[in-house]
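Novice: The structure that follows is given in the form of structure tokens.
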Amino acid sequence: MQCSGMWAVAAALVICLMRVHTEPLVAENTHLLTSEKHKIVLNQGMKDPPRDCFGMLMVSGGQARDGVYLIQPDEYPILAYCAMQEGGWTVVQHITVNGTVDFDRTWVEYKQGFGTLTGDHWLGNEHLHHLTRGPGRYRLGIKLVDEDGVTKTGEYDPVMVEDERSGFRLRLGLFQGSALDALTQDTENYLHDNQRFTTKDRDNDNYFQNCAKLEFQGVAGGGWWYDACAGANLNRRNVIYWQKDCNKEHLCKYAWMMVKPSDTVKVVHTGDCKKDEL
């Protein structure tokens, strides 16, 4: 199948999206970018943004690059960082151990999102709910990098975060990956699947104290889907927890959480563009 015409159109579309910076941002979460960084939104001005980063990758014919995009999982568009080179994942969390972004936040802050999309941030529980409720199934991706640069990953398929009335309860399916399953396996009497979200000002966990307030070396735990309390917690700023993969003894430097539609194919752009490979 000849594809030169298709890829030319896709490339032109990407160039067009990258150059449109004339219309004001209409995203609900512009607070996740400083004003001087609004110009880095790669599809700013796009009239009908796709509902997630994978949709943006498909619209671009597989040509979109990593960066910040407008997406529209619900009535209003939002900004999100898209990991395009990894297959069009929508990044919902990124943390650097001992970074400058404070993850000890309130319920409203975790609902609306905080931090900076180009660095450490939480996209927001409300947006995570709209992304994962469909239509269609979504999966959750986890990426962990330790101090030696060793990377471990895992996926839960499907994933759904319920609405605020349900406490943004986390629902997870089957796990696969090189990392341990720290959310659905009750190996240390901590089961994060089916738990409601807890913050320092809203205690929904199963412990007699508020798990989000418990400190390690003077730093509170941050918001999370706690049990009593945690075998995994990617929102603790001074130590990333993921059972034996990341803890006080085996330190991890970075962590990411991402979502993506479950039923996807990877578009491979061949150098000579003689055919499309799926």
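Novice: Among the candidates His121, His94, which residue alone is more than 19 Å from Glu155 (Cβ to Cβ) and surrounded by 21 or more Cβ atoms within 10 Å (Cβ to Cβ)?
Specialist: Checking each option against the conditions leaves just His121.
Novice: Scan Arg196, Arg171 and give me the residue that is basic (Lys, Arg) and outside any strand (DSSP E or B).
Specialist: Arg196
Novice: Also, quick follow-up: Quick test of your reading of the structure: Thr118 fulfils all but one of (1) among the hydroxyl-bearing types (Ser, Thr, Tyr); (2) closer than 21 Å to Gln243 by Cβ; (3) assigned to a loop (DSSP other than H, G, I, E, B). Name the failing condition by number.
Specialist: Exception for Thr118: condition (2).
Novice: Of the residues in the stretch 111-126, how many are of a type outside the set (A, V, I, L, M, F, W, C) and under 10 Å from the mean Cα position of the chain (by Cα)?
Specialist: 2
Novice: Take the residues of the stretch 79-104 that are in contact with a strand residue (DSSP E or B) (Cβ under 7 Å, 6 or more places away or on another chain) and of a type in the set (Ser, Thr, Tyr): which is nearest to Arg237 (Cα to Cα)?
Specialist: For the stretch 79-104, the residue satisfying everything is Thr96.
Novice: How many of the residues making up the stretch 173-215 are more than 19 Å from Arg237 (Cα to Cα), within 19 Å of the chain's Cα centre (by Cα) and among the aromatic types (Phe, Trp, Tyr)?
Specialist: 1
Novice: With the requirement that a residue be of a type in the set (A, V, I, L, M, F, W, C), touching a helix residue (DSSP H, G or I) at 6+ places or on another chain (Cβ under 9 Å) and touching a residue at least 40 places away in the same chain (Cβ under 8 Å), what does the stretch 76-99 give you?
Specialist: Ile78, Leu79, Ala80, Ala83, Trp89, Val91, Val92
Novice: Here are Asp148, Asp102: which of them is in contact (Cβ under 8 Å) with a residue 60 or more places away in the chain, surrounded by fewer than 15 Cβ atoms within 10 Å (Cβ to Cβ) and part of a loop (DSSP other than H, G, I, E, B)?
Specialist: Asp102
Computed from the coordinates by the stated procedures, all read-outs in this text should not be read as laboratory data. These figures come from a predicted structure and were not determined experimentally. FYI the Cβ positions are ideal-geometry reconstructions off the backbone, even for glycines, and counts take in every protein chain you see.
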